[in-house]
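The values are calculated or read from the model by the stated rules, or taken from the named source; none is laboratory data. On a predicted model such as this, the values are computed, not experimentally measured, just so you know. Here the Cβ is made from the backbone with ideal geometry for all residues, glycine too, and neighbour counts use every protein chain on show.
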Amino acid sequence: MRILFIVKEFPHSRVIGGPIIIYNRVKYLSQRHEVSLVAFAADPTREQISSVAGYCRDLRLVPPPPDRSGFQKAKDLISSPAPPYFMLCYSKEMYEKLGEMVRALPYDVAISEYSMVAQYLYCNPDLAGIKRVMSVHECYWLSRRKAFKVNGLNREGLLALYHLHGLKRFEFDMYADADKVLTLTPEGKDELLAIRPGLDISVVPHGVDVDSFHPVEIKGGPPTVMFLGNYPHDPNRDAAVFFGSRVWPIIKRKAPDARFLAVGRGPTADMLQMAEDDPSIEITGEVDDVRPYLHKSDVFVCPVRMGGGFRGKVLEAMAGGVPVVSTALGAEGIPARPGENMLLAESPDELAGATLSLLEDKDLAKRIATNARELVVDRYSWQKGVEILEGVLEEVVGR
């Protein structure tokens, strides 16, 4: 097959979070198929480009759309080609690059990774004759609705309310226009079908490199709790601030020498202020490799309260031998067995209590980490996920 990926964020080998699944899909599919990629990228390094270029027949990068002005945002409410939330990723240059690529090569299937760039497949005459697959990492309408419910009438909540304008109809009309929709979890599939029955959906799970992420006994120093995320993505920012401001103070009262690591790209102003106010909180910013931080962490937390999809960071921690405390939403898609392969908690007191139990009870922490590692090795290697995707694409192309 000739496969064309359209991607919101350039998926190079060192990227973390959602884009790492795209990098591995490109990497493993290229072993038996001809793969090309077009993605938004802001000043990628030569090393980042070279890490993926070898897997691609054609690789093209487009500058991310600039921030929209207040006037443009107001105009988006009445006359834009897409709802305000999708206009955040609207780019005429992306349409042009995509058109150039499909005119240069006859592709069998085009895959949009993240719904934000599915708009480039939707009703696009340049793609006539090409099967269109939309990979939904999270449903934006559900995500923005959750964000409004969590935040209420504060700044973030009102922004979510603004972004809900026109979102549901456009997003689900877009999915209905696709030849296939992909979700990362069965829960994600059920959510979409509850809103628009009849969508053609397959579940293709996340994965992890179980050879690169493995337990290492080099822990030392103070008790360490870690969270990982791309913080421009609001569910990650909210999770870090929620844990640092409402859960961490409870933990510190019983473990005053503990520290909290928030690892990942693009920490926001409220995160940086939180760390400035509390020296036991460390904000690393973007790192080349998350594994050294996992190796020195005693507990991994995923206190996510909004958004959707699959959190690959949880799989990385489980593969790396770090016991996990998560909300039910953060563990979505993983067959969590509380007390056996992770601990689940929701409120600040529950999250603090679960984290402290793993810091204090080494036998419990070791048992959970061992069971979690076994689950990941058995069910979530990258190769298994890409084999499922390959089968789905072959079925779609063969219709």
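Residues that are at pLDDT below 95 and either within 14 Å of the chain's Cα centre (by Cα) or surrounded by 18 or more Cβ atoms within 10 Å (Cβ to Cβ) (or both) within segment 198-222 comprise 204, 205, 206, 207, 208, 210, 213, listed in sequence order.
Just to check your reading of the model, which residue among 253, 311, 305 is crowded, with 24+ Cβ neighbours inside 10 Å and basic (Lys, Arg)?
Values: 253 fails: crowded, with 24+ Cβ neighbours inside 10 Å; 305 fails: crowded, with 24+ Cβ neighbours inside 10 Å.
311 is the lone residue from the list that is crowded, with 24+ Cβ neighbours inside 10 Å and basic (Lys, Arg).
Of the residues making up segment 295-329, those that are of a type outside the set (A, V, I, L, M, F, W, C), at pLDDT 90 or above, under 26 Å from residue 139 (Cβ atoms) and assigned to a loop (DSSP other than H, G, I, E, B) are 303, 305, 327. Does residue 370 meet the test of being in the same structural domain as residue 248 (by TED's automatic domain parsing), among the hydroxyl-bearing types (Ser, Thr, Tyr) and more than 30 Å from residue 112 (Cβ to Cβ)? Here the answer is yes, as residue 370 does meet what is asked. Could you give me the residue pairs with C-beta distances under 8 Å whose first residue belongs to segment 372-393 and is surrounded by fewer than 20 Cβ atoms within 10 Å (Cβ to Cβ), whose second residue is among the acidic types (Asp, Glu) and not in a helix (DSSP H, G or I) wherever it lies, and which are 6+ apart or on separate chains? From residues that are surrounded by fewer than 20 Cβ atoms within 10 Å (Cβ to Cβ), the pairs are 381/209.
For first residues located in segment 280-305 and of a type in the set (S, T, N, Q), partners that are at pLDDT 95 or above and not in a strand (DSSP E or B) and lie 6+ apart or on another chain with Cβ distances below 7 Å form the pairs 280/252; 280/258; 297/322. When residue 230 is tested against (1) under 19 Å from residue 143 (Cα atoms); (2) part of a helix (DSSP H, G or I); (3) touching a residue at least 60 places away in the same chain (Cβ under 8 Å), only condition (2) is not met. Of all the criteria given as (1) over 28 Å from residue 144 (Cβ atoms); (2) surrounded by fewer than 18 Cβ atoms within 10 Å (Cβ to Cβ), the one not satisfied by residue 73 is (1). Scanning segment 330-359 for residues that are surrounded by fewer than 19 Cβ atoms within 10 Å (Cβ to Cβ) and modelled with pLDDT under 95 gives 335, 337, 338, 339, 340. Does segment 153-167 contain at least one residue that is of a type outside the set (A, V, I, L, M, F, W, C), in contact with a Pro (Cβ under 8 Å, 6 or more places away or on another chain) and in a helix (DSSP H, G or I)? Taking every residue of segment 153-167 in turn, at least one turns out to be of a type outside the set (A, V, I, L, M, F, W, C), in contact with a Pro (Cβ under 8 Å, 6 or more places away or on another chain) and in a helix (DSSP H, G or I).
Quick one: would you say residue 136 is surrounded by 22 or more Cβ atoms within 10 Å (Cβ to Cβ) and among the aliphatic types (A, V, I, L, M)?
Considered against the rule, which asks whether it is surrounded by 22 or more Cβ atoms within 10 Å (Cβ to Cβ) and among the aliphatic types (A, V, I, L, M), residue 136 comes out as yes.
For segment 54-98, how many residues meet the condition of being hydrophobic (A, V, I, L, M, F, W, C) and either at pLDDT below 95 or in contact with a Pro (Cβ under 7 Å, 6 or more places away or on another chain) (or both)? Total satisfying the criteria: 10. Screening residue 146 on (1) over 21 Å from residue 117 (Cβ atoms); (2) crowded, with 18+ Cβ neighbours inside 10 Å; (3) over 20 Å from the mean Cα position of the chain (by Cα) shows it passes everything except condition (3).
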